[in-house]
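What follows is a single structure, written as structure tokens, with notes after it.
The values are calculated or read from the model by the stated rules, or taken from the named source; none is laboratory data. Worth saying up front: this structure is predicted, and the values here are computed from it rather than measured. Note that each Cβ is placed from the backbone with ideal geometry, even for glycine, and that neighbours are counted across all protein chains shown.
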Amino acid sequence: MRAAIVKEKGTIPVMGHFDSPVATDGQLVINVTAAALSRVSKFRSMGMHYSSEVNFPIVAGMDGVGTTEDGSRVYFAMPTGPYGSLAEQTMVGEKLIVRLPDGLDDVTAAAIANPAMSSWAALVFRAGFKSGQTVLINGATGASGSLAVQIAKGLGAKKVIVTGRNESKLQALDADEAIAFDMTADNGQKVFEDSLMPVIAEGVDVVLDYLWGDSALAIMSALAKTNSDRATRFVSIGTSSGQESLHLPSSILRSSTIELVGSGGKSVSKADMLSAVKGVFEMAAEGKITIATAEFALEEIEEAWNAPLTPRPVVKVK
């Protein structure tokens with residue numbers, strides 16, 4: 001079968017031929033129609049992620065959309081190695097699929113699943129979000145962050161505050177408040193903290209943080225200085241700032257109602273992740289959340305691999 005194959009660790013996939021999978025007990029063969037590219041999918045495929053396969057060659061791609069033997073349209077995740085989603089067929093555990101609702105096309109489903117499931121899972125399962133709460137999204141201009149705005153609104157957030165580095169993109173989001181920052185400027189962290197104070201004076205119930213680093217510290221510091229006694233669940237989802245570590249004084253946590261948690265592969269169960277995908281798909285089918293996409297053929301895998309992640313690159317297999 002045609003497939004995008006990673007031949008060695010650290011290399012990008014190339015087009016080639018790979019033996020077709022044969023179904024075994026508990027495994028399904030999926031006829032792939034579309035697969036999107038994400039940062040984690042690319043790193044995992046190249047053997048540069050903690051969940052990567054160690055034996056090469058492998059087929060690239062960690063999730064996608066296709067049809068089962070009976071023709072059902074499904075989303076699938078974490079194919080059984082050495083198979084991936086960027087091929088005509090793949091093999092996946094029978095419990096790692098979600099049926100697509102009518103009204104949701106394959107390209108949109110493939111594109112929206114990964115970035116939206118992380119936002120949904122963080123908001124619902126890690127933050128325990130309830131309708132009517134206030135949500136602050138740090139790093140809202142990225143694919144996951146912008147979807148988080150739509151998801152929070154769709155689930156009934158009373159107020160959504162967005163923060164990030166690109167002011168024009170922040171203003172384009174359907175948020176109630178937008179605050180841009182520049183951590184490279186003199187006193188950038190303090191300026192951001194001060195600008196947050198009047199906006200969060202009444203408290204924030206949930207913070208979804210995709211950046212970490214100095215901006216996250218500024219948010220926690222500002223929250224600690226408010227007079228609100230509302231508990232804030234601060235959910236760390238990513239490190240797009242490039243800062244893996246920060247100096248967090250214990251006084252910030254001791255003098256506030258901040259509850260600091262993470263959301264990722266080991267903090268959210270596979271069952272909850274698939275439940276998140278199902279919720280995302282239902283919301284997308286109703287037109288409540290959307291995502292911009294750029295389509296590529298499987299033969300254009302190198303171009304797709306090197307394309308920006310916004311709009312979301314989607315490889316159409318069939």
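Condition check: basic (Lys, Arg), under 23 Å from residue 306 (Cα atoms) and in contact (Cβ under 8 Å) with a residue 60 or more places away in the chain. Does residue 44 satisfy that?
It is false that residue 44 is basic (Lys, Arg), under 23 Å from residue 306 (Cα atoms) and in contact (Cβ under 8 Å) with a residue 60 or more places away in the chain.
For the stretch 127-135, does any single residue satisfy the condition of being in a strand (DSSP E or B), within 20 Å of residue 276 (Cβ to Cβ) and touching a residue at least 40 places away in the same chain (Cβ under 8 Å)?
yes
Can you tell me which residues in the stretch 128-153 are surrounded by fewer than 24 Cβ atoms within 10 Å (Cβ to Cβ) and either acidic (Asp, Glu) or modelled with pLDDT of 95 or more (or both)?
Result: 128, 129, 130, 131, 132, 133, 134, 150, 153.
Taking the stretch 35-86, which residues are among the charged types (D, E, K, R) and outside any loop (DSSP other than H, G, I, E, B)?
Result: 39, 42, 44, 63, 73.
Would you mind telling me which numbered condition in (1) in a loop (DSSP other than H, G, I, E, B); (2) over 29 Å from residue 107 (Cβ atoms); (3) within 17 Å of the chain's Cα centre (by Cα) residue 265 fails?
Here residue 265 clears every test but (2).
Just to be sure, is residue 209 modelled with pLDDT under 95 and either surrounded by fewer than 19 Cβ atoms within 10 Å (Cβ to Cβ) or not hydrophobic (A, V, I, L, M, F, W, C) (or both)?
no
In the stretch 268-306, what residues are part of a loop (DSSP other than H, G, I, E, B) and either of a type in the set (Phe, Trp, Tyr) or buried (at least 17 other Cβ atoms within 10 Å of the Cβ) (or both)?
268, 289, 291, listed by residue number.
Go over the candidates 186, 174, 182 one by one and state the one that is touching a helix residue (DSSP H, G or I) at 6+ places or on another chain (Cβ under 9 Å) and at pLDDT below 95.
Matching residue, one of 186, 174, 182: 174.
Sort through 76, 56 and tell me the only one that's under 15 Å from residue 110 (Cβ atoms) and in contact (Cβ under 8 Å) with a residue 12 or more places away in the chain.
Only one candidate qualifies: 76.
Taking the stated definitions as given, is residue 315 β-branched (Val, Ile, Thr), under 28 Å from residue 12 (Cα atoms) and either under 22 Å from the mean Cα position of the chain (by Cα) or outside any loop (DSSP other than H, G, I, E, B) (or both)?
Here the answer is yes, as residue 315 does meet what is asked.
Take residue 53 and tell me if it is modelled with pLDDT under 95 and surrounded by 15 or more Cβ atoms within 10 Å (Cβ to Cβ).
Yes.
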